[in-house]
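Notes follow the structure.
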Amino acid sequence: MNEETVISKLNGSILEVTLNRPQARNALDDGMYAALSSVFSTAAKDNSVKGLLIQGTGDHFCAGNDLADFALWPQLASEGKELPVTKLIQQVISFPKLLIASIQGSTVGIGATLLLHCDMVIASRNTQIIYPFTSLGLIPEFASTLLLPELVGQARARQILLLGEMIDGEEAYKLGLISTLCDDGELTTTTQQKCDKVRKLPAYTLQQTKQLIQTPERQQLILKRVEEETALFLKCLSKKEHKAAIQQFFKK
């Protein structure tokens, strides 16, 4: 039997979701996107859930998308089929409960852009956040071209997205990419302390406060940017620069 690559369990009123593919640094494949979409959909409707915690097994949070799956996406799009990642992106943007990320080690690609949609991000100092899109012949996704400049400023966002330079835990905290920074080895304890605070708060006030911060109008703006990015992303997948970058990656 294959081991589950996405594990979820309710701990009090926090749904703990674990990316469980440590041999690939928890890179997301199409099956994991489907599993995560199901988890988010169920959690959004479950009145016993106040928040969703997403974390990774082992030493890394998420190495981004499984690059081998990219080759299939242009054909899916040409056939009018929804990309595996699309439903998950939409569900994250509209998720009404608190979304908490607990990260360490490699946090790359969609693992990094996901953080821009979280209400809290707890990280260990050994975290390495990378937006590697241009080096792979791709453009950034998950509305990061909209959200990152708003968060860190135009100058820093341009450098981060254009050059794909690694951001360590300390720098990420200074930039506001993460909300809580802890020493290596203390991530689990620190995360649970934050989750305990959430468990003690009324669900209604948590959700209403989040909705005031993230209005329906704001969600529509973000979804529009996702649509624009996705169209360009798919074009990039067919270009020779991307194919060459992928070939080079698998030669390493």
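Can residue 26 be described as at pLDDT 95 or above and out of contact with any Phe, Trp or Tyr (no Cβ under 9 Å at 6 or more places or on another chain)? So residue 26 fails the test.
Candidates 231, 172: the one that is in a helix (DSSP H, G or I), under 30 Å from residue 138 (Cβ atoms), in contact with a strand residue (DSSP E or B) (Cβ under 6 Å, 6 or more places away or on another chain) and aliphatic (A, V, I, L, M) is 172.
Just the residues that are outside any helix (DSSP H, G or I), surrounded by 20 or more Cβ atoms within 10 Å (Cβ to Cβ) and aliphatic (A, V, I, L, M), please, taken from segment 66-99.
Residues of segment 66-99 that are outside any helix (DSSP H, G or I), as a first pass: 66, 71-72, 79-83, 95-99.
Filter once more, keeping what is surrounded by 20 or more Cβ atoms within 10 Å (Cβ to Cβ): 95, 97-99.
Of everything in segment 66-99, those that are outside any helix (DSSP H, G or I), surrounded by 20 or more Cβ atoms within 10 Å (Cβ to Cβ) and aliphatic (A, V, I, L, M) turn out to be 98, 99.
Among the residues of segment 145-163, is any of a type in the set (Ser, Thr, Tyr), more than 22 Å from residue 102 (Cα to Cα), modelled with pLDDT of 95 or more and within 17 Å of the chain's Cα centre (by Cα)? The answer is yes; a qualifying residue exists. Sub-9 Å Cβ pairs linking a first residue in segment 226-252 that is basic (Lys, Arg) and surrounded by fewer than 17 Cβ atoms within 10 Å (Cβ to Cβ) to a second residue that is at pLDDT 90 or above and not in a helix (DSSP H, G or I), at least 6 apart or interchain, are 235/139; 239/137; 240/137; 243/137, ordered by first then second residue. Do we have residue 145 as part of a helix (DSSP H, G or I), in contact with a helix residue (DSSP H, G or I) (Cβ under 8 Å, 6 or more places away or on another chain) and surrounded by 19 or more Cβ atoms within 10 Å (Cβ to Cβ) here? Yes.
The values are calculated or read from the model by the stated rules, or taken from the named source; none is laboratory data. Keep in mind the model is a prediction, meaning the values are calculated, not measured. So basically every Cβ, Gly included, is an ideal-geometry build from the backbone, and we count neighbours across all protein chains shown.
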